[in-house]
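Bear in mind that the values in this text are calculations on the coordinates, not laboratory data. Since we're looking at a predicted model, the values are computed, not measured. As a convention, Cβ positions derive from the backbone with ideal geometry for all residues, glycine included, and neighbour counts pool all protein chains shown.
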Amino acid sequence: MNLTEILESLKIGKISTLKAKKLLSLYSIEKIEDFAKLDVGRKFRRGMPEVVFAEKKTIDEIKKIIQAGIHRTGSVIVSRVNKNHYDKILSFAKKKKFKTKAGKNTTTILVFKNTLKKSGGRVGILTAGTSDISVAEEARLMCDAMNCSCICSYDVGIAGLHRVFPQLKKMIKDEVDAIIVVAGMEGALASVVSSLVDIPVIGVPTSVGYGYGEKGVAALAAMLQSCTLGLSVVNIDNGIGAGAMAANIANRAAGKKIRP
């Protein structure tokens, strides 16, 4: 029984409270052999899909996790896929008649069974440069998995600051509920955007940069030291975390207002 069936059966007296409690406890965790325990209740509890960090996993382990996750919750995000496994995962999903979404230059894949319904939540995503796109696309896939619409504009950093203003104007017009700003080097774009809008901004420092403060350290420090209010910051290259935060904000906002 899935979660809805358990609750409906309890409501009509088909099962006892004790039986329902046992079924719910079983429903919360999916054990896969001796190597994984999926938190299959997360989607219902938090509105977030199962996320598989695939970097150190074997292809067989990844396939088993995808299969179990899709069966129980309908969607799984596989992040940081080994390049040798990427095409194999896409072929596996196709063979199982699952649907997939991937992004530009990213090794993250969204695998799902049925059409992703839109919640009404809207997220804007900006990058400072083209080197930041892979992290931004990771965030976009997370927002997709959480049923949000995304408005994306890439390569609008402070080296040509005028590029960002038309994109912000569009995002404000389209009433986005949160904006993700992905930036490497000195990471200044996040502070600039946060100073211009009355919308929650999530800064994502990327490991783009060299010399003093390389590998995202300068961008992270700059975002954390920002004097603009309304800016929150996730860890270096954490597109998944930024997407989850932005989509959570957007979905809550969408639930409190009616949109055309």
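Here are some notes:
- For Lys83, the aspartates and glutamates whose Cα falls under 17 Å of its own Cα, not counting residues fewer than eight places away in the same chain, are Glu55, Asp60, Glu61, Glu137, Glu138.
- Cβ crowding within 10 Å averaged over residues, with 225-236, 129-140 ranked highest first: 129-140, 225-236
- Rel. contact order, % - alpha carbon contacts under 8 angstrom, at least six apart, the chain: 14 percent
- Ranked by the mean number of other Cβ atoms within 10 Å of their residues, highest first, the peptides 84-91, 57-64 fall in the order 57-64, 84-91.
- Available extension along the chain between Asp155 and Lys19 is 43.5 nm, counting 0.36 nm per residue and deducting the alpha carbon span.
- Within the chain: Cβ-based charge dipole about Cα centre, in debye rounded to nearest 20 (Lys, Arg +1; Asp, Glu -1): 1400 debye
- Anisotropy class of region 75-205 from Cα gyration tensor, a/c 1.5 cut: oblate
- Sum of -39500 (n - 2.57) over DSSP H runs of 4+, divided by residues of the chain (222 nm, nearest 500): -12500 deg cm²/dmol
- Listed peptides 156-163, 108-115, 75-82 appear in the order 75-82, 108-115, 156-163 once ranked by packing, highest mean of other Cβ atoms within 10 Å at the front.
- Positive-end extreme of charge dipole, region 122-254 - chosen from His162, Ala139, Val234 (charges on Cβ): His162
- Taken about its Cα centre, region 113-260 carries a charge dipole of roughly 740 debye when the Cβ of each Lys and Arg holds +1 and the Cβ of each Asp and Glu holds -1.
- Distance from the alpha carbon centroid of region 157-228 to that of region 120-149 works out to 13 angstrom.
- Each Lys and Arg contributes +1 and each Asp and Glu -1, all at the Cβ; summed about the Cα centre of region 48-123, the dipole is approximately 320 debye.
- Helix 83-95 axis, angle to the chain major axis (alpha carbon atoms, nearest 10°): 50 degrees
- Based on the reciprocal of the average 1/r between different C-alpha atoms, the Kirkwood radius for region 150-260 equals 14.3 Å.
- Sequence-distant aspartates and glutamates (8 or more away, or on other chains) whose Cα lies within less than 16 Å of Lys19: Glu5, Glu8
- Local charge for Ala219 was computed over the other residues whose Cβ lies under 13 Å away, with Lys and Arg +1 and Asp and Glu -1, and equals -3.
- Spacing of the two label points (7 Å from each Cα toward its C-beta) at Glu175 and Arg163, in nm: 3.0 nm
- Taking the chain, the Cys residues with no second Cys beta-carbon under 4.7 angstrom are Cys150, Cys152, Cys227.
- Here Rg and Dmax of the Cα atoms in Å was computed from the coordinates, and among (i) 19.1, 60; (ii) 28.1, 122; (iii) 19.9, 67 the match is (iii).
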